[in-house]
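The values are calculated or read from the model by the stated rules, or taken from the named source; none is laboratory data. Quick caveat: nothing in here was measured; it's all calculated off a predicted structure. Using ideal geometry, Cβ is built from the backbone for each residue, glycine included, and neighbour counts are taken over all protein chains shown. Side chains are part of the model used for accessible areas, which takes the heavy atoms of the whole protein and leaves out ligands, DNA and RNA. Shrake-Rupley method; radii C 1.70, N 1.55, O 1.52, S 1.80 Å.
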Amino acid sequence: MLRQVAEGVLVHESEFVQSNAVVVRGRAGVLLIDPGVTGSEIDCLANDLRELGQPVVAGFSTHPDWDHLLWHARLGEAPRYGTARCAATVRELLSDADAKARVAAHLEETEIAGQVPLDLLGLITGLPAETAQIPWDGPGVRIIEHQAHAPGHAALLIEERGVLVAGDMLSDVLIPMLDLDGTADPIEDYLAALRLLEGVAGGVDVVVPGHGSVGGSEQLQARIDQDRAYVRALRDGGDPGDPRLGPSAKPGWEWVSHVHTGQLQRLAQRSERDEAPR
């Protein structure tokens, strides 16, 4: 079910890792950002839009993770966009004929096995590099590109509505997840992205993370500070003391601690490689 979070901005929350699809109303239809995850959820979203009399006129994927690249025939054939680097990453991934099979195999280990529509996965068009706004007939949507979490990741600022769509950042349930394969300095890339988001925070009333709860303006800076503290603790080898980890984690989200342990191990391995004699 769609829930309005600001004038002309609605959110559909998936049961799967609290994934958020964002709908922005325009003059002739809607911009759909990161559609839902399972076929039934996307079908529900399509029904809601039909009842509102709002066709999808444009789509956008905030980054090249599979759960942000989905689509369904019932959503129509509107152009689907991403940043140039995001689209290039997706093209490379999909050039492997087994890519969709690997996603399906990964999902076999989850509660949504066999429920995710993969036929239209990743069919996005890369916007020219340095594009500042999504091209569509609706409220201006500013693209804030950075390299935290995934190549070509973009947060979206709907300035007229005071809404920041954060992609896979600023979550109240997920810790920062670094791009440990695609960047030379994942720690600094993440901190730089947080500085970019902090730079627009003054005009934001609502923050929508890719996963987790929608937050208000009073929560935005707190989430930035919490993510920054976590990333600095990773860098400095300290205890992040993060409530999203360990016994204090939200029930059902204990697996996030395993992600944290994995990041610590990967960063230690990178450090050992960097320090090894050549």
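Here the Karplus curve 6.51 cos²θ - 1.76 cosθ + 1.60, taken at θ = phi - 60°, turns the phi angles of the range 250-263 into couplings of 4, x, x, 10, 4, 4, 4, 5, 5, 4, 4, 4, x, 5 Hz, with x standing for Gly and Pro. Dipole check for the chain: with +1 at the C-beta of Lys and Arg, -1 at the C-beta of Asp and Glu, and the Cα centre as origin, the magnitude is about 380 Debye. Heavy-atom surface analysis with a 1.4 Å probe gives the range 117-171 a carbon and sulfur content of 50 percent of its accessible area.
State the volume of the convex hull built on the alpha-carbon positions of the range 1-89, expressed per residue in Å³ and rounded to an integer. Each residue corresponds to 95 Å³ of Cα convex hull volume. Which Cα, out of F60, L120, V141, lies furthest along the positive dipole direction of the chain (beta carbon charges, K/R +1, D/E -1)? After comparing all options, I get V141.
Distances between placed amide hydrogens fall under 5 Å for R80 paired with G59, T125, all partners being 5 or more residues away or on another chain. Put a plus charge on the Cβ of each Lys and Arg, a minus charge on the Cβ of each Asp and Glu, and nothing anywhere else: the dipole of the range 148-278 about its Cα centre is then about 200 debye.
Taking the chain as a Gaussian network of alpha-carbon nodes connected by springs under 10 Å, the highest mean-square fluctuation of the residues W136, W66, W255 belongs to W255. Largest GNM mean-square fluctuation among G138, G262, G126, using the chain with Cα springs under 10 Å: G262. Within the shell defined by Cβ-Cβ distances under 13 Å, the residues around E145 carry a net charge of 0, with Lys and Arg each +1 and Asp and Glu each -1. The DSSP beta bridges internal to the range 7-151 are antiparallel in roughly 55% of cases. Rounded to whole numbers, the Karplus 3J(HN,Hα) couplings from phi for the range 175-184 are 6, x, 10, 7, 8, 8, 10, x, 8, 6 Hz, using 6.51 cos²θ - 1.76 cosθ + 1.60 with θ = phi - 60°, and x at Gly and Pro. Amide H contacts of V56 (H built 1.01 Å from N, in plane; Pro and chain starts excluded): V30 sit under 5 Å, all sequence-distant by 5 or more or on other chains. Which of the three applies to the range 197-264, rounded, prolate or oblate, going by the alpha-carbon gyration tensor with a ≥ b ≥ c and a/c under 1.5 meaning rounded? The shape class here is oblate. Relative to the compact-globule estimate of 2.2 N^0.38 Å, the Cα radius of gyration of the chain comes out at 0.98.
Rounded to the nearest 20 debye, the dipole size of the range 1-66 about its Cα centre is 320 debye, using +1 on the Cβ of Lys and Arg and -1 on the Cβ of Asp and Glu. The Rg/Rh ratio for the range 119-168, using Cα coordinates for both the radius of gyration and the Kirkwood hydrodynamic radius, is 0.98.
Distant-in-sequence amide contacts of D168, defined by a placed amide H-H separation under 5 Å and a gap of 5 or more residues or a different chain, comprise G210.
Where does the chain land at 222 nm, in deg cm²/dmol rounded to the nearest 500, when only DSSP H runs of n ≥ 4 count, each adding -39500 (n - 2.57), divided by all residues? So the helix-based figure for the chain works out to -10500 deg cm²/dmol.
Which Cα, out of Y230, S271, A88, lies furthest along the positive dipole direction of the chain (beta carbon charges, K/R +1, D/E -1)? Going by the Cα projections, it comes out as A88. Sequence-ordered 3J(HN,Hα) estimates for the range 138-149 from the Karplus curve with 6.51, -1.76 and 1.60 and θ = phi - 60° stand at x, x, x, 10, 7, 8, 10, 8, 8, 10, 7, 6 Hz, glycine and proline given as x. Considering only the range 1-73, what is the antiparallel percent among its DSSP beta bridges, to the nearest 5? Just about 75 percent of them are antiparallel. Using a Gaussian network model of the chain in which every pair of alpha carbons under 10 angstrom is joined by a spring, one finds that among A99, A148, A46 the greatest mean-square fluctuation is at A99. For A73, the shell of other residues with beta-carbons less than 14 Å away shows a net charge of 0, using +1 for Lys and Arg and -1 for Asp and Glu. Candidates V208, A150, G8 compared by Cα position along the dipole of the chain: farthest toward the positive end lies G8, with charges placed on Cβ.
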